[in-house]
Amino acid sequence: MTDDEVRPDDDEWLLQELDEPSVDLDADIEVRHDDTAQRYAASIAGRELAEIRYEDAGDHLVIQRTHVVPEARGRGIATQLVAYVLDDIRGRGRRIVIRCPLVTAFIRDNDEYADLVAHPA
């Protein structure tokens, strides 16, 4: 679902759902990887709230950007999505080059992921 497809009647429900602390959202966040579109998307109750886009450069993935819909920002969704994506990339034996400032900051704060970086960000 894109930002343009957000229905106004959904916003009140979503904000009520997101008013809970982020740690409570962990079980509710579903992450999907679309290899063809080169993206990961995070959803709650079927509504896409965040995405990470990347480019497959052969020997590594270039993490291009992270986007969170405005009404879902500040809830920890991006942090959970980044951790999921990096764990998935590690599990696939890949390395990354980072173009996204959010992912750069996340790795700076979580140095257990530093080994995934193929080149300095």
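Summary table below
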quantity	calculated
Considering residues of the range 67-87 that are assigned to a loop (DSSP other than H, G, I, E, B) and of a type in the set (Gly, Ala, Ser) only, the residue farthest from Glu55 (Cα to Cα)	Gly74
Filter result (outside any loop (DSSP other than H, G, I, E, B) and among the aliphatic types (A, V, I, L, M)) within the range 29-66	Ile29, Val31, Ala41, Ala42, Ile44, Leu49, Ala50, Ile52, Leu61, Val62, Ile63
Matching residues in the range 23-42 - criterion: being within 14 Å of Gln80 (Cβ to Cβ) and either modelled with pLDDT under 95 or surrounded by fewer than 17 Cβ atoms within 10 Å (Cβ to Cβ) (or both)	Val23, Asp24, Leu25, Asp26, Ala27, Asp28, Ile29, Glu30, Arg32
Any hit, the range 52-62, residues being surrounded by 18 or more Cβ atoms within 10 Å (Cβ to Cβ) and among the hydroxyl-bearing types (Ser, Thr, Tyr)	yes
Residues of the range 88-121 that turn out to be of a type in the set (A, V, I, L, M) and part of a helix (DSSP H, G or I), as a count	7
Of residues in the range 29-81 being out of contact with any strand residue (DSSP E or B) (no Cβ under 7 Å at 6 or more places or on another chain) and among the β-branched types (Val, Ile, Thr), the one nearest to Asp115 (Cα to Cα)	Thr79
Residues that are hydrophobic (A, V, I, L, M, F, W, C) and touching a Cys at 6+ places or on another chain (Cβ under 7 Å), drawn from the range 34-84	Ile63
Arg75 surrounded by 15 or more Cβ atoms within 10 Å (Cβ to Cβ) and within 19 Å of Arg32 (Cβ to Cβ)	yes
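The values are calculated or read from the model by the stated rules, or taken from the named source; none is laboratory data. Here the structure is a predicted model, which is why all the values come from computation and not from measurement. Here Cβ is always computed from backbone atoms with ideal geometry, including for glycine, and neighbour counts include all displayed protein chains.
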